[in-house]
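Here is the structure we will look at, set down as C-alpha cells.
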Amino acid sequence: MTGSILDILIYVFDRYMLADAPQVPQREHLARDLERAGFTPAKVERALDWLTDLAFGRDRPPLPGAPQAGVRVFSDSELTRLSTECRGFLLTLEHLGVLAPQQRELVIERMLALDADEPDTEQLKWVVLMVLSSQPGQELAFERLDGLVSDNRPGAPH
C-alpha cells in the first residue's frame, strides 16, 4: 500500500461501501481500523475529512438553470490540476447522463481535494464512483460506471 489518501478511500469503499447495507463504523473506530491496516494517522484523518466533506457536498442545493443551459468553463487552477483526459472524461460522463451538473461539480471538488500530484482518469473514476455511491437514487449511474473501474481493481470483490 502506498498510503495515499485515495488508497485509504478505496480501502474504505471496498470494505464498507460495496455492501448492500453498509455498516460503516463511527469515525474513531474507522480510524483505528485503518491504522491497524497500516495507514498513517495523518493520512487517515485527511481521508476521513475527505469523506465528511463528500457527505456534506451531497446536501447542497441544486445548481440554478437547466442542465443543458450552459458550458462548463474550467478555472485556471482546475486546468492546471486536471488533465485534458480527465476533463474530457468528466464531460463525457455528463453528456451520457451518468453525472448531473451538480455531481460533476462535487467530483471536481473532491478530485482537487485529493492533493494528488497528477490526478489521472483511474483516480477520477474512483472519485465518481464514491460520489455516486454517496447519493440516493444513483444505482443505475453507479452500475454503468462500476464496470469501468472494476476491470482495473486488483483483488476487487466480485
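Among the residues of region 103-149, the one identified as modelled with pLDDT under 85 and of a type in the set (Val, Ile, Thr) is Val149. Would you say Phe89 is modelled with pLDDT of 90 or more and surrounded by fewer than 17 Cβ atoms within 10 Å (Cβ to Cβ)? So Phe89 does not fit the description; no. The one condition from (1) at pLDDT 85 or above; (2) under 16 Å from Met130 (Cβ atoms); (3) assigned to a loop (DSSP other than H, G, I, E, B) that Val24 does not meet is (1).
The values are calculated or read from the model by the stated rules, or taken from the named source; none is laboratory data. Fair warning: this is a prediction, and the values are worked out from it, not measured in the lab. Every residue, glycine as well, gets a Cβ built from its backbone with ideal geometry; the counts of neighbours run over all protein chains shown.
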